Amino acid sequence: MNSQYLLKSAGIIAFFILTIGQAIAATVDENLQRARTLIQGLEKKYLSNEVPIVIQKLEKNVLPNSILQAFALEQHLIIQSDLRNNALTLHRFGGSPSENVRQFFTRLVANEVKASEQLPALAQAFNISPRQVEQYQPLAGAQAYAAYTTWLANYALPAEIAAALLINFQSFGLNVGRMAKELKKNTGMSDSQLAFLVNFSKLPPGFREQAVNIVARGLASGVGESNIETCVRLIQSYEKEFWRALENANSVNRDLRN
């Protein structure tokens, strides 16, 4: 009697464990699909085909070198800021139980370190002197992006950061990829000089999958899709402002020198 009861109880317990496991698996799959759908919608909405005027002029070979210098000098400041921001996000989320989250934010830091090592060769190719680096006056519009990523690093959740950077890296990557192509064709710059641009021109392997998984994890924990979209919309707005600000780089720095 007791053995039959135990067998029956064990069977019931096994059934419930299997049912719960299937439910969890189904929930994970549902959140991953939600995340993929959300990201695809955000890409469609916020990845614009609009080509910045600066890139258009470069492709026509009429862009002054001073604007290219401004690009590199602004990036010098942004990379310094983003390196610290990414270190902060790693500090905030490096203890996450999710290996994917830990790897994602570790990768961000490593990528910024790499970019900081590659940028000097580009600056040298643009004939930027140490004195210019020291005296350059940054453009408010160009540095708005860095100010917002600082806000993200301090206050945003992993899902919001991952979605914002996934969309933005694609946008920035498209433009710097075009820059690298034109500079290679028109000036004969070497691969090492263009490494900074090429590095950002494509998403790192597995980056998209990591970001989608982090978004799925966030959705499962209650992060709102509208909050995620807000972060994407703002970072993309500041990205556009970066390129618009470069158009006025000459006048701003000329006024400051006079």
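The values are calculated or read from the model by the stated rules, or taken from the named source; none is laboratory data. What you see is a predicted model; the values in this text were computed from it and never measured. Neighbour counts are summed over all protein chains in view; Cβ atoms, including those assigned to glycine, are modelled from backbone coordinates with ideal geometry.
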task = Give L122, L77 a once-over and let me know the one that is touching a residue at least 24 places away in the same chain (Cβ under 8 Å) and in contact with a helix residue (DSSP H, G or I) (Cβ under 6 Å, 6 or more places away or on another chain).
result = L122
query = Among T27, T37, which is the only one that is part of a helix (DSSP H, G or I), farther than 22 Å from A147 by Cβ and at pLDDT below 95?
reply = T27
ask   = Do we have any residue at all in the range 107-130 that's surrounded by fewer than 17 Cβ atoms within 10 Å (Cβ to Cβ), basic (K, R) and closer than 21 Å to N213 by Cα?
value = yes
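Quick grid of which residues meet (1) under 15 Å from A249 (Cβ atoms); (2) in a helix (DSSP H, G or I):
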| residue | (1), (2) |
| --- | --- |
| Q75 | yes, yes |
| I78 | yes, yes |
| N86 | no, yes |
| T89 | no, yes |
| Q103 | no, yes |
| A110 | no, yes |
| S116 | no, yes |
| P120 | no, yes |
| Q137 | yes, no |
message = Considering only residues that are surrounded by 15 or more Cβ atoms within 10 Å (Cβ to Cβ) and either β-branched (V, I, T) or in a helix (DSSP H, G or I) (or both), which ones fall in the range 45-56?
response = Y46, V54, I55
query = Is it the case that the range 193-206 has a residue that's under 24 Å from P97 (Cα atoms), surrounded by fewer than 18 Cβ atoms within 10 Å (Cβ to Cβ) and more than 14 Å from the chain's Cα centre (by Cα)?
reply = no
request  = Taking only the range 58-73 into account, find how many residues are more than 11 Å from A249 (Cβ to Cβ), outside any helix (DSSP H, G or I) and touching a residue at least 40 places away in the same chain (Cβ under 8 Å).
outcome  = 1
query = With the range 145-258 as the region, which helices (runs of 4 or more DSSP H) entirely inside it contain at least 3 residues that are modelled with pLDDT of 95 or more and touching an Asp or Glu at 6+ places or on another chain (Cβ under 8 Å)?
reply = 158-187, 225-246
message = List the residue pairs whose Cβ atoms are under 8 Å apart, where the first residue sits in the range 206-233 and is closer than 20 Å to F169 by Cβ, the second is among the hydroxyl-bearing types (S, T, Y) and surrounded by fewer than 18 Cβ atoms within 10 Å (Cβ to Cβ), and the two are 6 or more positions apart or on different chains.
response = I214/S98; R217/S98
